[in-house]
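Take a look at the structure set out below.
The values are calculated or read from the model by the stated rules, or taken from the named source; none is laboratory data. None of these values were measured; they are calculated from a predicted model. Neighbour counts are summed over all protein chains in view; Cβ atoms, including those assigned to glycine, are modelled from backbone coordinates with ideal geometry. With ligands, DNA and RNA removed, areas are computed over all heavy atoms of the protein, side chains included. Shrake-Rupley method; radii C 1.70, N 1.55, O 1.52, S 1.80 Å.
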Amino acid sequence: MNHLSRVFIFKIAATVIFWCIPLIFFPAELLAALGFPAQSSDMFVRMLGWAYLALCVGYAFGLSASIKGQRALGPIWVGIVSNGGACGYLLYFGLSGEWAEWGGFVQFVLWSSVAATAAITAGLYFFGARGSAAAQQFAAGRRP
């Protein structure tokens, strides 16, 4: 198994276990008990869980290609943008104290997510995008 496949497996597993399942299936009371702030409605929390699951479907296509020795640049770049953006926002809000009053478990998950999204972004770039014709054209300032 190649490094890119390992990155996709880690991304899919971590997202499903730590984000999709809790946000889609956990009762609002359990989320609050774990330290998430209470919401007036759980509609957006549930939709976010489904959106994360949809990203995992795309990552599964990237994993399938990677296992076959191919690079599916669509899922790779979606992952770079998604995880890079999440890392930036999580880091910003964590450092600004946005979740300082949230429960300890949730803070642990959020800080772990900063590290995980940084590692996933780097892994997708170095093992997936770097060296591809599209990445070389982008680096040279040309459209792929």
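Quick notes
- In segment 71-81, the count of residues that are among the small types (Gly, Ala, Ser), under 17 Å from residue 126 (Cβ atoms) and free of Cβ contacts under 8 Å to residues at least 12 places away in the same chain is one or more.
- Single residue of 53, 48 found to be open to solvent by 50 Å² or more (accessible area, probe 1.4 Å), under 18 Å from residue 14 (Cα atoms) and touching a Leu at 6+ places or on another chain (Cβ under 7 Å): 48
- Residue check for residue 127: buried (at least 17 other Cβ atoms within 10 Å of the Cβ) and either under 21 Å from the mean Cα position of the chain (by Cα) or at pLDDT below 90 (or both): yes
- Qualifying residue in segment 22-31 (condition: among the charged types (D, E, K, R), more than 15 Å from the chain's Cα centre (by Cα) and in a helix (DSSP H, G or I)): yes
- Residues that are open to solvent by 50 Å² or more (accessible area, probe 1.4 Å), over 14 Å from residue 117 (Cβ atoms) and assigned to a helix (DSSP H, G or I) do not occur anywhere in segment 81-91.
- Filtered by the rule that a residue be of a type in the set (D, E, K, R) and assigned to a loop (DSSP other than H, G, I, E, B), segment 39-80 gives 42, 68, 71.
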